Structure formats: structure tokens, C-alpha cells
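Report on the following structure.
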Amino acid sequence: MFDLGTSSQRIMHKKSLVFVLGIVFFTLANAQKKEEILLSIDNSPVYVSEFKRIYLKNIDLVKDDSQKDIDEYLKLFINYKLKLKEAKTLGLDQKTSYIKELNGYKKQLASNYLTDTKTSEALIKEAYDRSLERVNASHILVMVKPNASAKDTALAYQRILEAKNKIDQGVKFEVVAKEYSDDPSAVKNEGYLGWFSVFRMVYPFENAAYNTAIGALSVPFRTQFGYHIVKVHDRKKKLGEVSVAHIMIAINDKTSSEQAENRIKEIKQQLDQGASFAQLAKQYSDDPSTAINGGKIRRFGEGALNSEKFEKTAFSLQKKGALSAPIKTKYGWHIIKLLEKHLPKTYEDQKAELTNSVKRDSRSKLVTTSFINSLKKKYAIVQNDEAIEYFKKNIADTIFNEGRKMPKDKSLEKVLFRIKQKTYLYSDFVEFIKNKRIRQGTPQDAPIFVEEMYNQFESSSLLKYYEEHLEEDNQDFADIIGEYRDGLLLFDLMDSKVWNVSKTDSLELRRFYDSQKEKYVQNETYRILKASSSKREAINKVQQLLKENRSLEEIKKEVNKEAIVLVIFSEEELVKGEDKFPKGFSVNTSEMIITEEDNFITLIMVKEILPSRIKTFEEIKGEVINDFQENIESKWLAQLKEKYIVKVDQKTLKKIKKELSK
């Protein structure tokens with residue numbers, strides 16, 4: 001909404017403004033001259049589209065029905081526009097602090113627009129679907145660096161093809177894995193990876209595993225580590241998560257497997273006889289991280305622990321509180337108790353967590369790539385193959401030689417590409433490469449390096465240009481920034497013209513109170529005693545004791561004996577004309593009424609009547625400040641209406657009323 005009042009709550013730190021701007025709506029930054037004009041302020045037009053947009057956006061937030069009336073709303077709108085006009089006249093939009101703060105908000109908000117939302121949503125949904133399944137697989141890896149030469153890349157690809165062909169011809173996967181795989185663990189595990197789910201592997205690997213049928217072998221694919229082939233052994237729906245507790249007797253130098261087994265069986269006998277699992281875990285479990293909490297382990301899903309047998313046993317327990325038979329793992333002997341089973345979370349429950357995981361994961365590059373491609377299409381950018389070939393031939397002499405100056409070459413002044421009116425030259429690309437080389441070192445393969453750098457330079461240039469021109473290209477962003485721009489201006493203006501005055505001019509504030517004292521009246525007030533209970537006989541006893549003029553402390557001791565509270569006592573104040581009185585309430589002192597609602601009986605008695613009086617300044621200071629600010633603002637707005645000429649097109653206003661009343 002506009003600045004419709006001057007409540008003292010509006011005196012807040014600027015940084016908190018971002019949270020309240022959601023209900024503050026401002027001017028359209030790019031209203032076109034051909035649009036219909038509703039009004040003008042000193043000949044500056046205000047368009048119909050702006051007024052309608054703001055009215056319709058705010059109408060559901062307005063609680064005061066008078067503000068829903070278009071004529072009343074227009075008055076508020078004009079007041080708001082007058083304040084903005086004054087802020088710009090005073091040059092508040094040119095202040096360094098204002099520009100810096102606005103640019104900070106711009107940068108923060110722009111990040112939400114520098115992405116491909118559709119691709120991101122698709123990846124998040126894909127991750128959720130995959131999170132419901134586990135894959136069991138083996139792989140073979142032939143290592144090759146991401147920036148390897150074309151020759152090394154071809155050799156690696158040829159080797160992975162050889163491995164695949166052997167498997168296709170009937171040689172066992174495990175045998176080929178030992179012979180071909182560069183994964184150091186393949187010698188022992190023969191390429192076996194076990195069970196895994198989403199985000200446990202790099203994205204290209206995960207893709208291959210989830211898109212390969214059970215029992216099948218994938219086609220060769222590349223990751224940052226090299227070329228792989230994957231064999232999928234099985235795929236299962238995940239069972240959700242479990243919360244369990246366990247007691248473990250460790251197998252170590254001091255305790256043999258047999259000794260550990262005997263001890264865990266003794267503990268199991270104690271449990272079967274009704275002993276406390278938590279107490280036995282605290283006394284006997286050799287897992288110090290869980291023993292202190294009665295053996296409780298943080299909830300987990302399949303594949304989360306480094307013990308398949310422990311997980312399988314935990315998930316096999318069906319009823320809450322069920323105990324497993326003693327089981328042996330590589331850590332020792334265990335008894336597991338089921339605390340709770342948790343069904344898989346819904347997509348909505350997991351969306352926030354999955355969104356963050358996608359952003360951190362390599363698949364986020366797909367979102368960036370998709371967005372860059374959309375910008376290329378938007379700005380009609382075509383790859384400059386001629387420039388790429390030029391740099392492939394000349395880059396060694398111009399870039400890689402330490403201390404060597406760039407030779408004078410007119411080609412460096414040639415256009416690399418254009419984004420609308422902005423031109424990027426060969427020489428701009430050279431500077432970009434130089435900075436990259438300093439950070440990355442000299443690459444092994446110059447042609448590959450050139451292509452990578454060209455793509456990076458093109459992408460970073462597109463992103464930077466789009467961000468710098470986001471207000472021009474994206475109306476939604478322009479509207480939001482318009483709201484921030486005008487909101488910050490309005491805050492500065494109101495702070496200096498209204499809010500700060502009430503904070504600094506204490507004498508004037510006191511004089512204002514003295515001149516308005518009759519407004520701040522405390523109506524007749526009744527101090528009452530309330531006694532409430534579900535027991536009618538207890539309230540009857542309280543009533544009798546009150547009639548005997550017994551003190552409250554005596555009555556409490558009489559009815560609430562031996563720490564049993566039968567009656568709840570309280571003392572309150574009811575203000576005439578402000579508070580709702582109970583049915584049958586008597587304003588006479590010592591007179592009692594008894595009410596009953598939902599089997600709860602309450603006795604009410606007036607103890608004292610306080611006559612009407614004027615509240616002190618200290619009591620009512622907050623309300624005085626609010627009224628004082630409203631008074632200042634009212635006078636100030638009257639001055640603005642004299643300073644700036646406001647003209648409303650009544651014919652257009654009539655048309656708007658007709659449209660908005662439908």
C-alpha cells in the first residue's frame with residue numbers, strides 16, 4: 001500500500017524495508033507515452049495502467065472498506081505521488097547512499113532472473129523421482145583429464161570401447177574391470193559400486209545408471225574423471241527412512257567375536273525380561289556417540305550407513321519398539337530397536353532441500369547452459385569460427401610466452417561479436433584469456449583451451465550484459481525494482497519530514513500532548529477478581545469465603561489444598577467502552593456474578609472502581625507520537641498540494657470506475 005498513515009511502527013531500520021515492500025506498490029518505470037493518462041502532477045503524467053495495476057494488486061490486502069472506494073483510493077494514490085515528486089525535487093534519488101543501497105537490492109534480486117526456471121524445475125523433479133529409487137551397479141573407468149588433448153581423448157575412448165566389446169562378446173564384466181579399469185579399487189572390488197541413489201555420483205554417471213536397464217551395459221559416457229561404462233545389476237524402490245536405537249558390543253583387541261556374542265546375548269535376555277533398552281545402552285554399548293542418548297541413531301535411509309546388514313535388519317523390523325535378534329557386522333555385535341518408520345517425503349516437502357542440492361551439484365551447469373542458449377537466441381549471437389581459428393594459430397605467441405608483449409596486429413581490433421549496441425573486440429578476448437591463464441596455468445592443448453575460453457567469454461559477456469540491461473528486457477524485474485526504488489525514496493523522505501521530527505523535537509511533542517489532552521481519556525475502569533474452576537462446589541466455596549471478607553491468600557489456601565489446584569485466580573482490569581463485559585456483569589463493588597461455559601465455571605467480582613481520568617504523557621506516549629506524526633504529515637501534504645498542481649481527468653476516472661466495478 002501507499003504510506004497511508006504514520007504509525008510509530010513505521011520508524012524502522014532501512015534494511016528491514018525489504019520485508020515490508022511486498023505491500024507497497026509503486027510506479028511503472030517504463031510507461032509508454034501513448035498510454036491513457038489519468039492525472040498529472042506539475043504536467044508529469046500518471047497513467048491509467050499504473051493506477052489500475054496498483055489498485056488491483058492491493059485491493060485484497062486492504063481491510064478498511066473506505067480505502068476500497070476508488071475515489072478514496074485515488075486520494076491516497078495522489079498523496080503518495082506527491083511525496084515521490086517532492087523526494088525527487090529534493091534530489092534524494094541522487095544521494096550516494098540511496099544509489100548504493102538500491103544497487104545492492106538490484107544485485108540481490110537479479111540473481112533470481114539469471115537462470116532457466118523451467119530447466120531448473122525439471123532437474124529438481126527428476127532428482128525427486130530418482131530419490132525414491134536405489135541402483136545397484138558396477139563400472140569401468142578409463143581416466144582422461146577434462147582438458148586433455150584430442151589424441152589422448154581419442155585413445156581413452158578407444159580403450160573404453162575395447163572393454164565394452166569384450167563384455168559384449170561374453171567376457172565377464174569382473175574380469176574386464178580388473179584388466180581395463182583405472183579405478184584403483186577395481187583390483188579388489190572388480191568395479192562393484194554397490195547401492196546408491198541421487199546425488200551420490202556425478203550427474204553424467206547418475207544419468208547413465210538410472211537410464212540403463214537392469215542387467216544391461218551402458219554405452220560409453222564421459223565425466224570429469226574420464227570415460228565409463230556402467231552395468232546395472234538391480235533397481236529398487238526406496239523404503240523411506242527409519243529411526244532406530246542400538247546396543248553394540250565391539251569386536252577389538254580386548255574383546256573377541258565370541259566374547260562379544262556372549263555379552264550381546266546376555267543383554268538380549270535382559271531386554272526380553274523387560275529391562276530398559278536405553279539404560280542398557282548407556283551402561284554397556286561400545287558406541288559412545290549413541291550410548292549417551294540411549295542408543296538412538298539419527299534417522300537414515302537405505303545406503304546411508306556403511307553396513308548393508310545393519311540397514312537390512314533395521315528396515316526389516318515392522319512394529320514400533322520391535323527388537324532384532326543379535327546380528328554381527330564388521331564393527332561388532334548389535335541389537336537394534338525400531339523407534340519409528342518414516343515414509344518417503346513428498347515432492348513439496350523435499351523441494352527446498354532438492355533445490356539447494358541441484359544448485360551445488362554439477363547438474364546446475366545444465367541450467368546455466370540452457371539459460372546461456374536462450375540469451376544467444378535472444379540476442380542473435382552466432383559463434384565466430386573465424387576468430388576461433390585466428391586465436392588457435394596465434395595464441396602461443398600472444399599469450400603463453402611469459403613477459404612477451406602483444407604484437408601489434410590490426411586483427412585484434414576486429415569485432416568478435418555484438419550484443420545489441422555493445423561491441424566486443426578480439427583484444428577484449430585476449431585480456432580475458434590472459435587473466436584465465438594466470439589463474440589456470442599454461443594448458444596442454446592450446447586449440448582446446450581457445451575453444452573453452454571463447455565459450456566462457458561469450459557466456460560471461462552475455463550474462464553481464466543481460467544483468468546490466470535487465471530492467472529494459474524484463475518487465476517483471478522492472479516493476480519490482482521500481483517498487484524498491486520508490487520505496488527507498490519514500491522511506492528517506494518520511495524519515496526526514498515526519499518520523500525524525502517526532503523523535504528529536506520532544507518539546508513540540510509535549511506541547512502537542514498538552515493541546516490534545518482531552519483526547520487521551522481513560523474511561524471508568526473496573527478492577528476485578530476472577531476465580532475459575534471445573535468444579536461447581538469449589539466456586540461456591542470461593543463465593544462463600546468472599547462474602548465472609550476472607551483475604552485472597554486465605555481463600556487460595558482453603559480451596560487449593562495439598563498442591564491440588566481446583567481454582568485458578570486472576571486479577572484484571574475492564575475498561576468501560578473498550579472491553580467486552582461478561583453477561584450479567586455488575587459494576588457494583590463486592591457484587592458477584594457466576595458464568596458457565598463448556599463446563600468451566602467462573603466467578604467475577606468488582607474489587608475497585610477507578611473513575612475516568614486523562615492519561616499521563618508517559619502512559620500514552622506511543623499514541624501521542626502517532627497522532628503527532630499524522631498531524632505533521634497532514635500539514636505537510638497540504639503544502640505539497642499547494643506546491644504542485646494536480647489535475648485529474650474526470651472522464652477517464654469515470655471510465656476506470658466503470659471497469660473496476662465489474
The number of residues in the range 496-506 that are without any contact (Cβ under 8 Å) to a residue 12 or more places away in the chain and in a helix (DSSP H, G or I) is 4
Return yes when residue 564 is over 30 Å from residue 538 (Cβ atoms), β-branched (Val, Ile, Thr) and either outside any strand (DSSP E or B) or under 44 Å from the mean Cα position of the chain (by Cα) (or both) and no when it is not. no
Within the range 604-617, is even one residue part of a loop (DSSP other than H, G, I, E, B), within 28 Å of residue 569 (Cα to Cα) and not β-branched (Val, Ile, Thr)? yes
When (1) in contact with a helix residue (DSSP H, G or I) (Cβ under 7 Å, 6 or more places away or on another chain); (2) within 13 Å of residue 241 (Cα to Cα); (3) of a type in the set (A, V, I, L, M) are applied to residue 314, the one that fails is (1)
From the list 119, 96, which one is open to solvent by 20 Å² or more (accessible area, probe 1.4 Å), of a type in the set (Val, Ile, Thr) and over 23 Å from residue 460 (Cα atoms)? 96
Those residues that are under 14 Å from residue 526 (Cα atoms) and either among the hydroxyl-bearing types (Ser, Thr, Tyr) or open to solvent by 100 Å² or more (accessible area, probe 1.4 Å) (or both), I need them from the range 571-594; list them, please. 571, 576, 578, 580, 586, 589, 590
Among residues belonging to the range 137-151 that are of a type outside the set (Lys, Arg) and not in a strand (DSSP E or B), point out the one that is modelled with the lowest pLDDT. 147
Might you let me know whether the range 623-643 holds any residue that is within 17 Å of residue 72 (Cβ to Cβ), over 41 Å from the mean Cα position of the chain (by Cα) and open to solvent by 100 Å² or more (accessible area, probe 1.4 Å)? yes
Any residue in the range 184-196 that is assigned to a loop (DSSP other than H, G, I, E, B), at pLDDT 95 or above and not aromatic (Phe, Trp, Tyr)? yes
Tally up the residues in the range 446-494 that are out of contact with any helix residue (DSSP H, G or I) (no Cβ under 7 Å at 6 or more places or on another chain), farther than 30 Å from residue 426 by Cα and open to solvent by 50 Å² or more (accessible area, probe 1.4 Å), please. 2
What helices (runs of 4 or more DSSP H), lying completely within the range 227-297, carry at least 3 residues that are surrounded by fewer than 18 Cβ atoms within 10 Å (Cβ to Cβ)? 257-272, 277-284
In the range 137-148, what residues are surrounded by fewer than 19 Cβ atoms within 10 Å (Cβ to Cβ) and either basic (Lys, Arg) or closer than 23 Å to residue 188 by Cα (or both)? 143, 145
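This table checks each residue for (1) closer than 30 Å to residue 620 by Cβ; (2) at pLDDT below 90.
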| site | (1), (2) |
| --- | --- |
| 496 | yes, yes |
| 526 | yes, no |
| 530 | yes, no |
| 545 | no, no |
| 549 | no, no |
| 599 | no, yes |
Which one is most open to solvent (accessible area, probe 1.4 Å) among residues in the range 149-191 that are on the phi > 0 side of the Ramachandran plot and within 44 Å of the chain's Cα centre (by Cα)? 190
Selected residue (only one of 346, 369, 355 is β-branched (Val, Ile, Thr), more than 30 Å from residue 247 (Cβ to Cβ) and touching a residue at least 40 places away in the same chain (Cβ under 8 Å)): 355
Residue count, the range 521-538 (criterion: among the hydrophobic types (A, V, I, L, M, F, W, C) and over 17 Å from residue 586 (Cα atoms)): 2
Matching residues, the range 200-225, being in contact with an Asp or Glu (Cβ under 7 Å, 6 or more places away or on another chain) and open to solvent by less than 30 Å² (accessible area, probe 1.4 Å): 203
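The values are calculated or read from the model by the stated rules, or taken from the named source; none is laboratory data. Since the model is a prediction, treat every value here as computed from it, not as a measurement. Note that we place each Cβ from the backbone using ideal geometry, even for glycine, and neighbour counts take in every protein chain shown. Just so you know, the surface numbers come from the protein's heavy atoms only, side chains and all, with ligands and any DNA or RNA stripped out. Shrake-Rupley method; radii C 1.70, N 1.55, O 1.52, S 1.80 Å.
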